[in-house]
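The values are calculated or read from the model by the stated rules, or taken from the named source; none is laboratory data. If you're wondering where the values come from, they're calculated on a predicted model, not measured in any experiment. All Cβ positions, even for glycine, are placed from backbone atoms using ideal geometry, and neighbour counts span all protein chains on display. Calculation scope for accessible area: heavy atoms of the full protein, side chains included, ligands and nucleic acids excluded. Shrake-Rupley method; radii C 1.70, N 1.55, O 1.52, S 1.80 Å.
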Amino acid sequence: MLKKGLALGLVLASTFTFAQTLTTNTGSPVGDNQNSKTIGNNGQVLLEDIHLIEKLAAFDRERIPERVVHARGAGAFGEFVAAADFSDVTAAGFLSQAGKKTPLMVRFSTVTHQQGSPETYRDPRGFAVKFYTEEGNYDLVGNNLPVFFIRDAIKFPDMVHAFKPSPLTNGASDPNRVFDFFANVPESTHMLTWLFSDYGTPANYREMVGSGVHAFKWVNDKGEVTYVKYSWKPAQGERNLTADEAAKIQATQIEHATLDLYNEIEKGNFPKWDLYVQMLKKEDFAKLDFNPVDVTKVWPESVAKLVKVGTMTLNANPTNYFQQVEQAAFSPGTLVYGIEPSEDKLLQGRLFSYFDTQRHRLTGNFQQIPVNAPKNKVTTYNQDGYMSLRPQTGDVNYQPSENKPQVKEDTKFKYSKSEFLAGTTTTQATIDKENNFAQAGDLYRSFSKKDKENLIKNLSGALNSVKNKVIVKKMIAHFYQADVEYGTRLLKATNLKVTDIQEYIKK
């Protein structure tokens, strides 16, 4: 009887349709969408006007909480084609066969500014890819720049607060606040050198490189671990903006990168990126003068060569921005068998924080929203809560159970074994081999003459607006320790001398 009733309901749903007729959320035709129901022509509005109440209530809820970071973004859909069989180093199925295709969704974004901010602001760009693999979703969540400002998640809320509007004035990002924080965080020197160069303002999303930023673990079926870092290289080439070029675009358009991505895909100019991976074994770590899981460091190609993993093509725009882009939810903890997090302190914090923020924004069932839902069958006893949509039937909602059908774990998919150093737990220790300045100096020296000039111009311009000169001196001391020429040019541009920063140089 129940099945017959369900079938009848489906027939009714498909039979009684009102083509081109406005309806309520429950499908009831609307008779008047121009006038509220009132007592006479001029009297009070009645609460019983269900269409009015529903319309206003839906409008009131059109905005969900904005992302705290990565609020402004654009997205598209496409596919990934594996370049080779990587099963010798990872059990991840989507990398197990050359030519294997995996559908995906990408969201590009700016990091620190609000949803309606210009896409020309100097800011890291988010580069998040959701692979809909046959073994569940895999999120490769990264940025356009290969390193980050901090190496420990405990500093993340403070860093974002420093970038965000002042709680006193609500003014835009203030160099006085930003550099007040970073003057006391020497590990930021490398990232700030990237950010204040022209790499801090990519021309658009299509011509932007990407990086997984963190080190991850690839694990094969034997349980053997290889540490990896990811890089996306655009087939369209890479292009960045000078400060002057960015200002000209911003004068007339604030969403140039979003529209560029959408319009080019509509024209059939499908952007492509090749994904590369660098690999290291744990036994190689001791040979390096930096900690390879330190997120403020890159792996030089002389240490770990780039190996092509596959190619991503974006060939479809979203059909509804809110449903498919604003509701898209990513987390570095969305992993598949064969890929695990490294001991990176920032990554370890993000594993919690990203899931937590999506539960806040989109409810605890955010993974049931179509854009976030995996393509393979989900079998779980997680249940109920806001917006619970996954079909759940039967009397058994627990495991283990002897009832049929039996749902059991498969020991094949256990996590790999982790190695821990003997010792006591502590919250006071930094990582080994901090080496805060060397790679920042290497980066500066790798820049062209023009890139160096733009970096000094951009960075000194921001520092010259800082009122507390102790902050300026401490910041320049960091850059001076990275490269003497780098620091000296900043001293000249800020009307300071070497003697002004001597007390802040690490002995």
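Hand me the GluC sites (Glu not before Pro) from the range 263-368 located in a DSSP loop with no more than 14 other Cβ atoms within 10 Å, in residue order please.
Answer by residue number: E301.
Is the C-alpha gyration tensor of the range 173-242 telling us rounded, prolate or oblate? Criteria: a/c under 1.5 is rounded; beyond that, a/b larger than b/c is prolate, otherwise oblate. If you can, show how the numbers build up before the last one.
Numbers: a/c = 4.00, a/b = 1.39, b/c = 2.88.
It is oblate, given that a/c is not under 1.5 and a/b is not larger than b/c.
What does the charge add up to near Y480, with Lys and Arg as +1, Asp and Glu as -1, over the other residues with Cβ less than 11 Å from its Cβ?
Combined, the nearby Lys, Arg, Asp and Glu give +1.
So which trypsin sites (Lys or Arg not before Pro) in the range 435-494 pass both tests, a DSSP loop state and at most 15 other Cβ atoms within 10 Å of the Cβ?
Details: sites: R445, K449, K450, K452, K457, K467, K469, K473, K474, R489, K492; in loops: K467.
Those satisfying the criteria are K467.
Suppose each label sits 7 Å from its Cα in the direction of the beta carbon; what would the A58-D384 distance come out to in nanometres?
2.9
Roughly how many whole Å is it from the C-alpha centroid of the range 168-185 to that of the range 258-284?
After rounding, the separation between the Cα centres reads 33 Å.
How big is the dipole moment of the range 265-327 about its Cα centre under a simple scheme where the beta carbon of each Lys and Arg is +1, that of each Asp and Glu is -1, and everything else is neutral? Debye, nearest 20, please. Numbers along the way, then the final one.
Values: 8 positive and 8 negative charges, 41 e Å.
It comes to approximately 200 debye.
Could you sort 433-444, 377-388, 169-180 so that the peptide with the highest average Cβ count within 10 Å comes first and the rest follow in order?
In descending order of packing, they fall as 433-444, 169-180, 377-388.
Could you give the dipole magnitude of the chain about its Cα centre, charging the beta-carbon of Lys and Arg +1 and that of Asp and Glu -1, in debye to the nearest 20?
The calculated dipole for the chain is roughly 500 debye.
Using a basic spin-label model with each label point 7 Å from the Cα along Cα→Cβ, how many nm lie between D289 and K450?
3.2
What is the sum of charges around K287, taking Lys and Arg as +1, Asp and Glu as -1, for the other residues whose C-beta is under 12 Å from the C-beta of K287?
Around K287, the charge tally is 0.
Given a Förster distance of 25 Å, report the FRET efficiency between L306 and D221 from their Cβ-Cβ distance, rounded to the nearest 0.05.
The computed FRET efficiency comes out at 0.50.
Using a 1.4 angstrom probe on the protein heavy atoms only, could you order Y276, Y138 from most to least accessible area?
Y276, Y138
Put +1 on the Cβ of each Lys and Arg and -1 on the Cβ of each Asp and Glu in the chain; which of A243, G73, L459 then has its Cα farthest toward the positive end of the dipole?
L459
With the dipole of the chain worked out from charges on the C-beta (+1 for Lys and Arg, -1 for Asp and Glu) around the Cα centre, which of V470, A257, Q392 lies farthest toward the positive end?
Sorting the options by dipole projection puts first V470.
Would you tally the net charge around L306, using a Cβ to Cβ cut-off of less than 14 Å, leaving L306 out, and scoring K and R as +1, D and E as -1?
+2
If I model a spin label at D244 and A172 as a point 7 Å from the Cα along the Cα→Cβ vector, what separation in nanometres do I get?
2.0
Is the shape of the range 27-171 rounded, prolate or oblate, going by the alpha carbon gyration tensor and its root eigenvalues a ≥ b ≥ c, with a/c under 1.5 for rounded and a/b larger than b/c for prolate?
oblate
Could you sort Y504, Y398 by accessible area so the largest value comes first, with the probe set to 1.4 Å?
Details: Y504 65, Y398 105 Å².
Correct descending sequence by accessible area is Y398, Y504.
To the nearest 10 square angstrom, what accessible area does L47 show with a 1.4 Å probe?
My reading of the accessible area for L47 is about 140 Å².
Classify the chain: rounded, prolate or oblate, from the alpha-carbon gyration tensor (a ≥ b ≥ c, eigenvalue square roots; a/c under 1.5 rounded; otherwise prolate if a/b is larger than b/c)?
Cα axes put the chain in the oblate bin.
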